[in-house]
Amino acid sequence: MKNSNQNAFVKIFNGPDRPLQSETWPLPETVGAGEVLVEIALATICGSDLHTLSGQRQVATPTILGHEAVGRIVKVGSMREELAPGDRVTWSIADSCGTCPACTEHKLPQKCQSLFKYGHAPNSDGTGFNGCYASHIVLRQGTHIVKLPDSLSDRVVAPANCALATVLNAVSRFPDSCQSVLIQGAGLLGLYACALLHERGVEHVFCVDIQEQRLAQIERFGGILIDGRAEHYPQSREKILAAAEYGVDAVLEVAGVAALVPEGIRLLRPGGYYGFVGMVHPNSQLALTGEQIIRKCLTLYGIHNYAPWHLEQAVQFLQSSIDKYPYESLVSAPFPLAKLEDAVKMAQTQEWCRVSVRA
Ligand SMILES: [Zn+2]
Ligand SMILES: [Zn+2]
């Protein structure tokens, strides 16, 4: 769908049982202080978008979904001297106030008391240009915007502002001394974690999954393949224990499956770290005792989204490792945004880590 200079093309979500709607909206003629109008070059379909589309997650409608994207600046409001029209950028998924306790003392701007998240707000909020399944988006005053080098293609960089920045946040909590890590899940987050830990010099980066096409990617991203399928797992488990006799230093949960946690706890060494990232849904009750955590002196922690500095580091990481890992191969060629329904169907097949769309 081609846009005239004055109009934007948007896809509206009205609820899980309703068809996506195509609309043409007039572009804002001006932008407010700190606001930036961006023309979206490419957006990707995140797992959480699929959850919303299928009704597993509730959002206020009508809304424009989509939060992973890359684009080019069209208009810049005041107080954004570092930015100019034409700049190619990505941006933090969270817009935060910068002054509340979460933003300052707690260093968790993603939990700001007046938090706004792109792709999660109804059209009645602000300008309505709140999501990435559109030709344009209006970024707000409290949004961190990162300029992008030309060396990173749209397909490489689009998932950075959700998946990669979140994983970077999660692994940054592992102690520097980690030499063995088990990653549970070889989806996009798991593969990013493989590359991040491999680049950090972790000697044994184990990654477990049960899907054949996911298993096939692990070694390409610096991980050691652990085949989680029942008939192969006992042998794979031996591989972990041969390298980490007393258990692994850390486990990262990015599969979203609560049933994997007891095995993660068993495989951790005393004093180990366990990061929970994937189980962002209510069906995540853990079969775990306090005694197991205490006797093993474990540290368990949850990671949800990230702070601006993680997004900066994510882009730097892609830049420094782009020649070593085939990031682009994880993201499909773009579907036309007008056919977002087809892109969603493709995303549901899980043939790609990410399916991309472009207006
Ligand atoms: Zn996401
Ligand atoms: Zn705040």
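A short reminder: the numbers here are calculations on the coordinates, not readings from a lab. This one's a predicted model, so the numbers in the text were calculated from it and none came from an experiment. Neighbour counts are summed over all protein chains in view; Cβ atoms, including those assigned to glycine, are modelled from backbone coordinates with ideal geometry.
So if we plug the beta-carbon distance of Leu83 and Ser177 into 1/(1 + (r/R0)^6) with R0 = 41 Å, what FRET efficiency do we get, rounded to 0.05?
0.55
Report the residue, chosen from Gly55, Gly247, Gly15, that carries the largest GNM mean-square fluctuation when the chain is represented by alpha-carbon nodes joined by springs under 10 Å.
Of Gly55, Gly247, Gly15, the Gaussian network model singles out Gly55 as fluctuating most.
By how many nm would the segment from Glu263 to Arg200 lengthen if fully extended, with 0.36 nm per residue of separation less the alpha-carbon distance?
Extra length available between Glu263 and Arg200 comes to 20.2 nm.
Select from Met279, Met346, Met79 the residue whose mean-square fluctuation is largest in a Gaussian network model of the chain (Cα-Cα springs shorter than 10 Å).
Its mean-square fluctuation being the largest, the pick is Met79.
To the nearest Å, what is the center-to-center distance of region 124-179 and region 222-274, using C-alpha atoms only?
Result: 29 Å between the Cα centres.
Just to be sure I understand: with springs between alpha-carbon atoms less than 10 Å apart, which residue in Val89, Val167, Val74 has the highest mean-square fluctuation in the Gaussian network model of the chain?
Maximum among the listed residues: Val74.
Suppose each label sits 7 Å from its Cα in the direction of the beta carbon; what would the Gln211-Ala33 distance come out to in nanometres?
Simple spin-label model gives 4.7 nm for this pair.
Find the relative contact order for the chain and round it to a whole percent, using C-alpha pairs within less than 8 Å whose residues are 6+ positions apart.
18
Please report, in debye to the nearest 20, how large the charge dipole of the chain is about its Cα centre when each Lys and Arg carries +1 at its beta carbon and each Asp and Glu carries -1 there.
My answer is approximately 280 debye.
What number, in percent, do you get for the relative contact order of region 165-302 if the mean sequence gap of Cα pairs under 8 Å and at least 6 apart is divided by its residue count?
Relative contact order, region 165-302: 22 percent.
On the first, second and third principal axes, largest extent first, how far apart are the outermost C-alpha atoms of the chain in Å?
Sorted from largest, the Cα extents of the chain read 63, 43, 39 Å.
When the helix-only estimate is applied to the chain (DSSP H runs of n ≥ 4, each -39,500 (n - 2.57), divided by the residue count), what is the mean residue ellipticity at 222 nm, nearest 500 deg cm²/dmol?
-7000 deg cm²/dmol
Under a Cβ-only charge scheme (Lys and Arg +1, Asp and Glu -1), can you give me the dipole magnitude of region 38-145 about the Cα centre, in debye to the nearest 20?
Dipole size: approximately 80 debye.
Taking the Cα centre of region 165-302 as origin, work out the dipole magnitude from +1 charges on Lys and Arg Cβ and -1 charges on Asp and Glu Cβ, in debye rounded to 20.
Using Cβ point charges on Lys, Arg, Asp and Glu, region 165-302 gives about 220 debye.
Using the charge dipole of the chain (Lys, Arg: +1 at Cβ; Asp, Glu: -1 at Cβ; taken about the Cα centre), state which of Gln141, Ala8, Pro19 has its Cα farthest towards the positive end.
Pro19
Between Ser320 and Thr104, take the C-beta separation as r, use R0 = 35 Å, and let me know the FRET efficiency to the nearest 0.05.
0.70
Using 1/(1 + (r/R0)^6) with R0 = 25 angstrom and r between the beta carbons of Ala287 and Ser236, what's the FRET efficiency to the nearest 0.05?
Once rounded, the FRET efficiency stands at 0.70.
Along the charge dipole of the chain, Cβ charges K/R +1 and D/E -1, which of Ala43, Tyr273, Ala338 sits furthest on the positive end?
Ala338
Let me know the shape class of region 165-302, please: from the alpha-carbon gyration tensor, a ≥ b ≥ c as square roots of the eigenvalues, rounded when a/c is under 1.5, otherwise prolate if a/b is greater than b/c, or oblate.
Rounded, because the longest to shortest axis ratio a/c is under 1.5.
Take the alpha carbon atoms of region 280-341, find their center, do the same for region 192-210, and report the distance between the two centers in whole angstrom.
Taking the Cα centre of region 192-210 as reference, the centre of region 280-341 is 13 Å away.
Just the number, please: percent antiparallel of the DSSP beta bridges in the chain, rounded to the nearest 5.
About 55 percent, rounded to the nearest 5.
Can you find, among Gln285, Asn305, Tyr233, the residue sitting farthest towards the positive end of the charge dipole of region 227-312, where Lys and Arg contribute +1 and Asp and Glu -1 at Cβ?
Projecting each Cα onto the dipole axis, the largest value belongs to Gln285.
In region 196-238, which GluC sites (Glu not before Pro) fall in coil by DSSP and have 15 or fewer other Cβ atoms within 10 Å?
Answer in residue order: Glu203, Glu231.
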